[in-house]
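Q: Following this message is one structure expressed as structure tokens.
The values are calculated or read from the model by the stated rules, or taken from the named source; none is laboratory data. None of the values given here were measured: they were computed from a predicted structure. Methodologically, a virtual Cβ is constructed for each residue, glycine included, from the backbone with ideal geometry; neighbour enumeration extends over all protein chains shown.
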Amino acid sequence: MTIQDISTTRRGFIAGSGLIIGVAIAPKFASAAATGVQAGGDPALKPMNAFVKIGTDDTVTVLSKHIEFGQGPFTGLATLVAEELDADWSQMRAVHSPTDNKVYANLSFGLQGTGGSSSIANAYEQMRKAGATARAMLVAAAADEWKVPGSEIAVEKGRIRHAASGKESGFGAFAEKAALRAPPAEPKLKDPKVFTLIGTDLPKLDTHGKTNGTAIFTLDITPDNLLIAVVAHPEHFGAAVKSFDATEARKVQGVVDVKQVPSGVAVYADNTFAALKGRDALSIEWDLSKAETRSSEELAADYVKQFREPGLEATNKGNVDDAFKAPGLQTVEAEIVFPFLAHAPMEPLDAVFIKAADGSVDIYNGAQFPAMDQQVAAKILGLEESKVRVNTQLAGGSFGRKAQFGSPYMQEAAAVYAASGGNRPLKHMWTREDDIRGGFYRPMYAHRMRGAINADGQITAWEQVIVGQSIMGKADLDPTSVEGASNLPYAVPNLKVTSHNVNLVVPPLWWRSVGHTHTGFAVETFVDELFQKIGRDPVEGRLALLKEEPRHAGVLRKAAEMADWGSKVPEGRSRGVAVVESFNTYVGQVVEVSIGPEGAPRVHKVWCAVDCGVAVNPNVIKAQMEGGIGYGLGAVLFDAVTLGKGGRIVQSNFHDYRSIRINEMPDVAVEIIKSSEKPSGVGEPGVPPVGPAVANAWRRLTGAPVRQLPIVNIVSA
Amino acid sequence: MKFKLAFTGVAAACLFMTAGTVFSPISVAQDAGSKSLRPASSFQSIANQEQRSAALFQEAGKVIQHPRCINCHPATDRPLQGASMHPHQPPVFRGDGGMGLPGMQCTTCHSAENTPVVGQADTIKSIPGNPAWHLAPIEMAWAGKTLGQICQQIKDPARNGGMTMDKLVEHMAHDELVGWGWEPGAGREPVPGTQAEFGELIKAWVDTGAACPAS
Amino acid sequence: MVTFTLNGQERTFDGDADTPLLWVIRDFEKLTGTKYGCGVAQCGACTVHLDGMPRRSCVTPISMVDGSEVITIEGISGKEADAVKTAWAGLDVPQCGYCQSGQVMSAVALLQMVPKPTDADIDGAMAGNICRCATYHRIRAAIHNAANSMEG
């Protein structure tokens, strides 16, 4: 049997109306689950600019250039627009923007992309301008219609009013006329003092659909005649198909075809279960000649050997070598090994391809660099880029997994679609096992730390060597390997940080908070050990070395105050503290820990203070801190992807790559530092401090420093 | 084939074998290599009846102390799982009648039969099931005990569910949930021998005075 | 041929009898609120109510469902469901939202059995539902809020 030649009923695209900047508008379909959610929103809406559309029903739809996967850009960007538009929150909606590297560029990256906790930071002014522009266009249209000066028109909570004449209207009545007006060149923005929406706990726009099952994710798109494809992947990194036998797979009811693709063997079926059953029935011989065959243990041994070799210099302040030779020093040394970590978002990677009558293709997926996906897919499908439309969908988490330069996932998905012949709509999906074993991990790292304390109890020297893969694929210094260490916030006169890049076929990737996942742990546990060595209180000790870093000190002081640091801790419990800046956001955390039923730390409470500049939506900021704490804690306590003997990947699903669960989640209290600094991101910065804070509490509770992660492996070893 | 899940009173415990031994195994005296049981008749050569009895129980211990059995006779309210006998994932707890807690009973995942899992983890080939799936009462906890201690416990009506020795023999030889140990579903090592052979060992042990191994 | 009711409507299925209920609901019935997260009863994203009890549909062969009543997130109703959905919205529980159908189904089942759950009851019932965004802190608070809202 081969893939049947049935074309879809999908209609072609029609051009968008004149005013917006080259945004194609898709026709409306019966249901989103049947078709996927078209980027850009309902074509009946009137565009004020590339980011704001207004409906005749008074709704305001914000086109989010950033993907929504829980970190809150739909709500955050809509808040910025609504503030300057003087809209009422109840009329606000948000959808994903179409894919366009210019119009929808992340202003920090220069191309469309979500990552680095940058959504609010880069779009803060841009979205406010988009709102202010739309407001000016509505006011101008109303002034024309009412024949009154625009300067006499007020807008408040979605109502346009002219007091003298008593005229009043919603936005909808003027949407069409406003859309025809030229936008003002430089719209005036509000003084932050008069903000009414920014800084308030507005309810999130995407909550309802995510509570009643109606929110559509990529995996939910099920057009008629859909083909499901899964790929059999190797269990070793760097392995390739040598040969395969699909006889049994083809016998499975519902299996349509089997094809070799660059990444493995693809099974095509009429439904998901048939695809899985068919894949299970494949017999594949893998070529391991170029595969990684060392175990994680062997890799770690190789990493540690590099500590003694000269590395790439990241920081060299003062003279560390001389400082360590000074008489009367106490020195502390530590070596810490960090494992590979999978991101394991709830929705495994997936994409849906639907060909239109004109041969162009709509792709529905949830990726952080949609235009890169577009370029990669167009090349593989042999189409002009303009004939491939990437419609960003809500994604079930990411944590960095869906931000891939070169779009390696899309390379597989598009190759699978191309090999199918493309005559049926196709959904390519990964199972949880594909996800856990799929690489693009937070790399393994090994740190060697050396600290010197003089007779006066001052930390005089700090040397740190970091060995691991370069996430950016660099031959020279990769800043993401050393960030958080090379810019050590503590005032230490002699500081040297070096790194070694390791080349592996195991593909690396950024993982929620990137370099800070390991540097934050290494720095914050090591400085804590130094303080313990000299009998210094960990909060006092840090504050004394943070005199030039007021924002670090601010969140540390606040977290300590929230926890009533220094007060009596319940019997059998201990407290730990850590403070980490990442992505220009400062987070201090205090944790309270006891020994749990499995012998691993049980974290009862986390007090968290965050300074992210202007707080656009405190509710979302708190949610991101809570979630970041849970995400970071789960990894530190439970998680490692390990290569077993011969290099085979050991873990495969949530039974052996454990996620934190509700019974393991601490109570969390979050406070936001009031600030007028520019807003910075909150998606990642909640993650780094929790691990070292727990390890610090654990060391003070048990006497055992945490030198290897996850902690559960140490306590059960 | 059909079986309904209306048997919400019945419940679950053991689960998957895992390759990644995240937790250290609880120490048990286990003859891991042996897949068979010596027949009860082969113990005739031991002249001393008490020694013979203890030896019979020692042989039955290959079954009793196998992870398939220990996992559902945990020392705490949380069942164990897999050949490494780590705490059950996801976390589940005893509840009323050993059938789980409200909202997370054994039947949330387990059913009346072993259920094959297709196309997922190579370390999870099936979800075990049985119409009587549930956790042994806490007074019947075996995990962490020596075979001698388990033997004493099994003879004690206060700690064996009030069973007479006849009932105990019947239970070991014919109980359906005990029998699951020999047919534990794909991906799981069965207990050694057959239930009939195990029943004969227990009967011969009782008939010889039910003596217990020293440790 | 398997016959069952899905959200009150009688349905039949005559495909592979081993097909998990999850894929029957999603692929054949096109109700996509019930999610795939692990396929091995570890994450709870696929939770439905089978004859009134929570059940992981990913490890439930459709053959087992013959004659049974299945309720999904799209069909869940009653005072507990109303209270849970209202409480979820009140605290903006979801982040990415992918696991939340399963969380809601488990929370509703808990409240149907234990109208005023303790923290320990919540741990017991909800520990089978993974949320990678770790919205657990709000899930716990929302369940308490839902329970309180049902009183009187």
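Q: Within the range C:29-79, track down each residue that is surrounded by fewer than 24 Cβ atoms within 10 Å (Cβ to Cβ), more than 7 Å from every other protein chain (Cβ to nearest Cβ) and in a helix (DSSP H, G or I).
A: Residue satisfying the conditions is C:LYS79 alone.
Q: Next up: For the range A:582-591, check the following and say yes or no: at least one residue is small (Gly, Ala, Ser), closer than 24 Å to A:ILE662 by Cβ and at pLDDT 95 or above.
A: No: the range A:582-591 contains no residue that is small (Gly, Ala, Ser), closer than 24 Å to A:ILE662 by Cβ and at pLDDT 95 or above.
Q: Assess whether A:ILE649 counts as being out of contact with any Lys or Arg (no Cβ under 7 Å at 6 or more places or on another chain) and either crowded, with 24+ Cβ neighbours inside 10 Å or more than 9 Å from chain C (Cβ to nearest Cβ) (or both).
A: So A:ILE649 fails the test.
Q: With the requirement that a residue be among the hydroxyl-bearing types (Ser, Thr, Tyr) and more than 14 Å from chain A (Cβ to nearest Cβ), what does the range B:106-142 give you?
A: B:THR107, B:THR108, B:SER111, listed by residue number.
Q: For the range A:275-298, name all the residues that are touching a Phe, Trp or Tyr at 6+ places or on another chain (Cβ under 9 Å) and aliphatic (A, V, I, L, M).
A: Answer for the range A:275-298, where residues must be touching a Phe, Trp or Tyr at 6+ places or on another chain (Cβ under 9 Å) and aliphatic (A, V, I, L, M): A:ALA275, A:LEU276, A:LEU282, A:ILE284, A:ALA291.
Q: Continuing with this model, one more query. So, in the range A:663-717, of the ones that are basic (Lys, Arg) and touching a strand residue (DSSP E or B) at 6+ places or on another chain (Cβ under 7 Å), which residue ends up surrounded by the most Cβ atoms within 10 Å (Cβ to Cβ)?
A: A:ARG700
Q: For the range A:408-426, indicate whether the set of residues that are assigned to a helix (DSSP H, G or I), within 14 Å of chain C (Cβ to nearest Cβ), surrounded by 22 or more Cβ atoms within 10 Å (Cβ to Cβ) and charged (D, E, K, R) is non-empty. Steps first, answer last, please.
A: Residues of the range A:408-426 that are assigned to a helix (DSSP H, G or I), as a first pass: A:408-420.
In the following step, the residues that additionally are within 14 Å of chain C (Cβ to nearest Cβ) were identified as none.
Looking through the range A:408-426, none of the residues is assigned to a helix (DSSP H, G or I), within 14 Å of chain C (Cβ to nearest Cβ), surrounded by 22 or more Cβ atoms within 10 Å (Cβ to Cβ) and charged (D, E, K, R).
Q: I need every pair where a residue in the range C:113-133 that is away from chain B (no Cβ under 11 Å) has its Cβ under 8 Å from the Cβ of a residue that is charged (D, E, K, R) and surrounded by fewer than 23 Cβ atoms within 10 Å (Cβ to Cβ), sequence separation at least 6 or different chains.
A: Note: pairs meeting the criteria are C:LYS116/C:GLU151; C:ASP119/C:ARG140.
Q: Another question, then. Out of the residues in the range A:22-41 that are in contact with a strand residue (DSSP E or B) (Cβ under 9 Å, 6 or more places away or on another chain) and over 16 Å from A:THR99 (Cα atoms), state the one that is modelled with the lowest pLDDT.
A: Filtering the range A:22-41 for residues that are in contact with a strand residue (DSSP E or B) (Cβ under 9 Å, 6 or more places away or on another chain) and over 16 Å from A:THR99 (Cα atoms), the one modelled with the lowest pLDDT comes out as A:PRO27.
Q: Oh, and also: Select from the range B:80-94 the residues that are touching a helix residue (DSSP H, G or I) at 6+ places or on another chain (Cβ under 9 Å) and touching a residue at least 24 places away in the same chain (Cβ under 8 Å) and list them in ascending order.
A: Of everything in the range B:80-94, those that are touching a helix residue (DSSP H, G or I) at 6+ places or on another chain (Cβ under 9 Å) and touching a residue at least 24 places away in the same chain (Cβ under 8 Å) turn out to be B:LEU80, B:GLN81, B:GLY82, B:ALA83, B:SER84, B:MET85, B:HIS86, B:VAL92, B:ARG94.
Q: Being assigned to a strand (DSSP E or B) and crowded, with 24+ Cβ neighbours inside 10 Å narrows it down to one residue among A:VAL523, A:VAL555, A:VAL579, A:VAL514; which is it?
A: So the residue among A:VAL523, A:VAL555, A:VAL579, A:VAL514 that is assigned to a strand (DSSP E or B) and crowded, with 24+ Cβ neighbours inside 10 Å is A:VAL579.
Q: Can you pull out every residue in the range B:165-215 that is of a type in the set (Ser, Thr, Tyr) and modelled with pLDDT under 95?
A: Correct list: B:SER215 only.
Q: So which of B:SER42, B:SER34, B:SER53 is of a type outside the set (Lys, Arg) and under 24 Å from B:ALA186 (Cβ atoms)?
A: B:SER34
Q: Further question on the same structure: Tell me whether the range A:109-116 contains one or more residues that are surrounded by fewer than 24 Cβ atoms within 10 Å (Cβ to Cβ), closer than 23 Å to A:PRO184 by Cα and touching a residue at least 40 places away in the same chain (Cβ under 8 Å).
A: No, the conditions are met nowhere in the range A:109-116.
Q: In the range C:79-112, how many are free of Cβ contacts under 8 Å to residues at least 12 places away in the same chain and either of a type in the set (Ser, Thr, Tyr) or out of contact with any Ser or Thr (no Cβ under 6 Å at 6 or more places or on another chain) (or both)?
A: The total comes to 2.
Q: Identify, please: which residue in the range C:26-83 is of a type in the set (D, E, K, R) and in contact with a Cys (Cβ under 7 Å, 6 or more places away or on another chain) and is, among those, nearest to B:ILE127 (Cα to Cα)?
A: If we take residues in the range C:26-83 being of a type in the set (D, E, K, R) and in contact with a Cys (Cβ under 7 Å, 6 or more places away or on another chain), then C:ARG56 is nearest to B:ILE127 (Cα to Cα).
Q: Can you find a residue that is out of contact with any strand residue (DSSP E or B) (no Cβ under 8 Å at 6 or more places or on another chain), over 28 Å from B:PRO131 (Cα atoms) and not in a loop (DSSP other than H, G, I, E, B) anywhere in the range C:105-119?
A: Yes; the residues of the range C:105-119 include at least one that is out of contact with any strand residue (DSSP E or B) (no Cβ under 8 Å at 6 or more places or on another chain), over 28 Å from B:PRO131 (Cα atoms) and not in a loop (DSSP other than H, G, I, E, B).
Q: Would you check which residues across the range B:109-121 are of a type outside the set (A, V, I, L, M) and without any contact (Cβ under 8 Å) to a residue 40 or more places away in the chain and list them?
A: Step one: of the range B:109-121, the residues of a type outside the set (A, V, I, L, M) are B:109-111, B:113-116, B:119-120.
Of everything in the range B:109-121, those that are of a type outside the set (A, V, I, L, M) and without any contact (Cβ under 8 Å) to a residue 40 or more places away in the chain turn out to be B:GLY119, B:GLN120.
Q: Within the range C:80-104, restricting attention to residues that are in a helix (DSSP H, G or I), among the hydrophobic types (A, V, I, L, M, F, W, C) and over 9 Å from the mean Cα position of the chain (by Cα), which residue is farthest from the other protein chains (Cβ to nearest Cβ)?
A: Residue satisfying both the conditions and the ranking: C:ALA83.
Okay, residues lined up against (1) within 14 Å of chain C (Cβ to nearest Cβ); (2) modelled with pLDDT under 95:
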residue: A:ALA563; (1), (2): no, no
residue: A:GLU571; (1), (2): no, no
residue: A:GLU598; (1), (2): yes, yes
residue: A:VAL603; (1), (2): yes, no
residue: A:VAL610; (1), (2): no, no
residue: A:GLY630; (1), (2): yes, no
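Q: What are the residues in the range C:115-131 that are more than 20 Å from C:SER57 (Cα to Cα) and either buried (at least 18 other Cβ atoms within 10 Å of the Cβ) or in the same structural domain as C:GLN42 (by TED's automatic domain parsing) (or both), if any? Step through it out loud before you land on a result.
A: Filtering the range C:115-131 for residues more than 20 Å from C:SER57 (Cα to Cα) gives C:115-123.
Across the range C:115-131, the qualifying residues are C:PRO117, C:ASP121, C:ILE122, C:ASP123.
Q: Which of the residues belonging to the range C:1-24 are under 17 Å from A:ALA269 (Cα atoms), more than 7 Å from chain A (Cβ to nearest Cβ) and touching a strand residue (DSSP E or B) at 6+ places or on another chain (Cβ under 7 Å)?
A: C:ALA17, C:ASP18, C:VAL24
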